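Enquirer: Mind having a look at this structure? Questions to follow.
The values are calculated or read from the model by the stated rules, or taken from the named source; none is laboratory data. Just so you know, these numbers come straight off a predicted model, no measurement behind them. Positions of Cβ are backbone-derived with ideal geometry, glycine not excepted, and every protein chain shown enters the neighbour counts. Side chains are part of the model used for accessible areas, which takes the heavy atoms of the whole protein and leaves out ligands, DNA and RNA. Shrake-Rupley method; radii C 1.70, N 1.55, O 1.52, S 1.80 Å.
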Amino acid sequence: MIGLVDCNNFYASCERVFRPDWEGRPLAVLSNNDGCVIARSNEAKQLVEMGAPAFKIPPSVRRELILVSSNYTLYGDMSRRVTATLREFTPDVEIYSIDESFLGFDGFRIERLKDHCQRLRYVVRRNTGIPVSVGLSTSRTLAKVANKLAKKVAVYEGVCLLQPDSEITRRILEDTPVTDLWGVSGRLGQRLSQMGIVTAWQLREADPKRIRARFSVVQERLVYELRGIDCIDTDDYGEPKKNIMTSRSFGRLTSDPQEVRAAIRAHAARGAEKLRKQGSVARAIQVHLKTNKHREDLAQYYPALVVQLPHPSNDTRVIVGAAQTALSRIWRDGYRYMKAGVMMLDLVQADSLQHDIFDSPASDAERERSAKVSAVMDELNRRMGRGTVRLGGTRGRADWKLKAELLTQRYTTRWNELPTAKT
């Protein structure tokens, strides 16, 4: 059996752990720079739409709603604590996202599994304060379907087990639009509907070979998954990206070249880190700047420049150096910039890289040294927090840093922000 554990309204739940007085009140979390709503408590779902811009929320709603800035430091640490608790219930834990994990229950007696998962829910809530729901079945796709039921249908009390060949499962799949399935996008759903497949049950009953011929082996496996055969890995839906963009709007318009340089340096370093994480190298990068097109009273400028790297690389030092060179070529004084970004281009897998006559390959010794330096930086930043080791310095109140005027305390990762107990 496979279980999917999903934290309920995760961001909102993390905030409530340290603010119990917010329990039962509508709570919404805002995106970077306090731009739009990205997470809501159940009570807030009646008041504000997901994705709603913060500045468009009517004053009457804002008076009822608790709005907070996204606090990823807190959410990441709470996710780590939830995962640590899950490992007490099975050694087979596969992290899928910040608030979801697949659990393997091979060897567990199925008639006791629901009680085991109810105990899991209780202990996770007791240890971390985070409520979770559990979906159980014989494949990841059906476990996903079961998890939605566990979360939304009260009779399941947070744990739903779907046997792949039961009549209940058939009725549920007949009522499930195919676009609600894990890994089925809107565009794929449209193509399936052209074949007369609009429900999950119709996809389950489709000819797998025909599906593979029209789409891919992943969609063929999806048919088998709906029949209860576990054959999809989480990596099947996570193919390496072809380009990687790292950009961010400034907290306010800036014309300070030092601030923009610091932002480009940070974005380039973050892009290099993402490259290493997916095992890729870039042959080129693009650096771009933007002014605010809605400010007609200000001069406008939208430069972008592509720079080829001296050799395909994911070395932070190489990429930051190239990005700084590009910035110096496109920089113009007299403009107030709203956004800066760095895009990694022409990506290839590092382990399959074949140098061609246009590449200037680094020596094996240099590549080995670069890999060691990057690995040490990544490990230190993973353990100590992003930005602990970086190239160059940044100002404490840099313009390009996130706007987070409604940020709550990072209760679990900062000594000076620990909760205070009163007696």
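Enquirer: Of all residues in the stretch 58-78, which are within 18 Å of residue 407 (Cβ to Cβ) and either open to solvent by 30 Å² or more (accessible area, probe 1.4 Å) or without any contact (Cβ under 8 Å) to a residue 40 or more places away in the chain (or both)?
Expert: 62, 65, 72, 73, 76
Condition check ((1) at positive phi; (2) touching a strand residue (DSSP E or B) at 6+ places or on another chain (Cβ under 6 Å); (3) aromatic (Phe, Trp, Tyr)) across all residues:
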site: 10; (1), (2), (3): no, no, yes
site: 17; (1), (2), (3): no, no, no
site: 40; (1), (2), (3): no, yes, no
site: 44; (1), (2), (3): no, yes, no
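Enquirer: Could you give me the residue pairs with C-beta distances under 7 Å whose first residue belongs to the stretch 410-423 and is more than 17 Å from residue 11 (Cβ to Cβ), whose second residue is open to solvent by less than 70 Å² (accessible area, probe 1.4 Å) and part of a loop (DSSP other than H, G, I, E, B) wherever it lies, and which are 6+ apart or on separate chains?
Expert: Filtered contacts from the stretch 410-423: 417/410; 417/411; 418/411; 419/18; 419/411.
Enquirer: Can you tell me how many residues within the stretch 403-422 are closer than 29 Å to residue 55 by Cα and either in contact with a Leu (Cβ under 7 Å, 6 or more places away or on another chain) or open to solvent by less than 70 Å² (accessible area, probe 1.4 Å) (or both)?
Expert: Final tally of qualifying residues: 6.
Enquirer: Going through 2, 57, 38 one at a time, which residue ends up being farther than 23 Å from residue 382 by Cα, touching a Lys or Arg at 6+ places or on another chain (Cβ under 7 Å) and β-branched (Val, Ile, Thr)?
Expert: It is 2.
Enquirer: Answer with yes or no whether residue 13 is among the hydroxyl-bearing types (Ser, Thr, Tyr), open to solvent by less than 60 Å² (accessible area, probe 1.4 Å) and at pLDDT 95 or above. Working first, answer last.
Expert: On the way: among the hydroxyl-bearing types (Ser, Thr, Tyr): yes; open to solvent by less than 60 Å² (accessible area, probe 1.4 Å): yes; at pLDDT 95 or above: yes.
Here the answer is yes, as residue 13 does meet what is asked.
Enquirer: Report whether or not residue 40 is over 27 Å from residue 251 (Cβ atoms) and among the basic types (Lys, Arg).
Expert: No; evaluated as a whole, the condition is false for this residue.
Enquirer: Can you name every residue in the stretch 70-93 that is under 19 Å from the mean Cα position of the chain (by Cα) and part of a helix (DSSP H, G or I)?
Expert: 72, 73, 74, 75, 76, 77, 78, 79, 80, 81, 82, 83, listed by residue number.
Enquirer: Which one is nearest to the chain's Cα centre (by Cα), of the residues in the stretch 269-310 that are among the hydroxyl-bearing types (Ser, Thr, Tyr) and assigned to a loop (DSSP other than H, G, I, E, B)?
Expert: For the stretch 269-310, the residue satisfying everything is 302.
Enquirer: Mind telling me which of the residues 317, 329, 336 ends up being in contact (Cβ under 8 Å) with a residue 12 or more places away in the chain, open to solvent by 30 Å² or more (accessible area, probe 1.4 Å), closer than 27 Å to residue 368 by Cβ and not acidic (Asp, Glu)? Walk me through how you get there before you give the answer.
Expert: Numbers: 329 fails: closer than 27 Å to residue 368 by Cβ; 336 fails: closer than 27 Å to residue 368 by Cβ.
Testing whether each residue is in contact (Cβ under 8 Å) with a residue 12 or more places away in the chain, open to solvent by 30 Å² or more (accessible area, probe 1.4 Å), closer than 27 Å to residue 368 by Cβ and not acidic (Asp, Glu) leaves just 317.
Enquirer: Could you grab me the full set of residues in the stretch 252-282 that are buried (at least 18 other Cβ atoms within 10 Å of the Cβ) and at pLDDT below 85?
Expert: Those that are buried (at least 18 other Cβ atoms within 10 Å of the Cβ) and at pLDDT below 85: none in the stretch 252-282.
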